[in-house]
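Heads up, the thing below is written out as structure tokens.
The values are calculated or read from the model by the stated rules, or taken from the named source; none is laboratory data. Remember, it's a predicted structure, so these values are computed and weren't measured experimentally. Glycine also receives a Cβ, built like all others from the backbone with ideal geometry; neighbour counts cover every protein chain displayed. Side chains included, ligands, DNA and RNA excluded: accessible areas come from the protein's heavy atoms. Shrake-Rupley method; radii C 1.70, N 1.55, O 1.52, S 1.80 Å.
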Amino acid sequence: MKVKILAFILIAALTSCSYKFSGASTEGLKTVIVRTFENNAPLVVPNLNNQLTEALKTRIRNQTNLSVSTTEADAVFEGRITGYDIKPVALQSSATPTAGANRLTITVSIKYTNNVAGKEKESFDESFTKFFDFPLNGASIQAALPNALDQINKQLTEDIFNRAFAQW
């Protein structure tokens with residue numbers, strides 16, 4: 001009998017811990033709006049704002065039970081791309097130095113508003129910056145950029161998602 005009770009307590013404790021650490025905290029939320037991010041970076045890349053907006057919507061759909069709405073919602077994400085930069089980070093030795101790798105850096109400013117009563121303190125207005133180093137391997141920057149943009153979008157949406165729902 002004692003073994004069964006101990007096993008039950010152990011299973012209950014492990015289950016509650018794994019739930020807390022593996023899931024997002026969306027308590028009280030049912031719907032969320034992700035407004036299309038503005039692109040205010042000095043160097044504007046076409047469709048980057050739409051790609052980042054859609055990446056955040058996809059992450060929310062895939063990792064929560066929230067519905068992404070276009071009208072009224074329990075929480076709202078608004079944002080703007082404030083920085084976009086590509087710089088060489090590694091030079092190849094040759095007669096004429098060329099970039100062996102480049103660093104793409106993107107900064108976004110995000111305003112998250114939680115409209116659920118008692119949860120307003122979870123709202124924030126913060127900037128997130130991520131970079132990705134990519135070698136050219138004989139390719140042009142234009143050929144290497146799509147993968148670099150995908151990697152940064154994943155990193156940025158993970159940080160934004162965790163800040164809003166994991167409260168880390």
Length gained if Asp133 through Ala101 is fully extended, taking 0.36 nm per residue and subtracting the Cα-Cα distance, is 10.9 nm
Pull out the extension gain between Glu120 and Arg163, defined as 0.36 nm times the separation in residues minus the alpha carbon to alpha carbon distance; nm, one decimal. 14.1 nm
If you place +1 on the Cβ of every Lys and Arg, -1 on the Cβ of every Asp and Glu, and leave all else neutral, what size is the dipole of the stretch 102-162 about its Cα centre, to the nearest 20 Debye? 60 debye
For the stretch 108-168: rounded, prolate or oblate by the Cα gyration tensor [a/c cutoff 1.5]: prolate
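How large, in percent, is the carbon and sulfur part of the accessible surface of the stretch 33-81 at a probe radius of 1.4 Å?
Ligands and nucleic acids excluded, carbon and sulfur give 40 percent.
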Using packing as a proxy for protection, rank 140-150, 47-57 so that the peptide with the highest average count of other Cβ atoms within 10 Å comes first. 47-57, 140-150
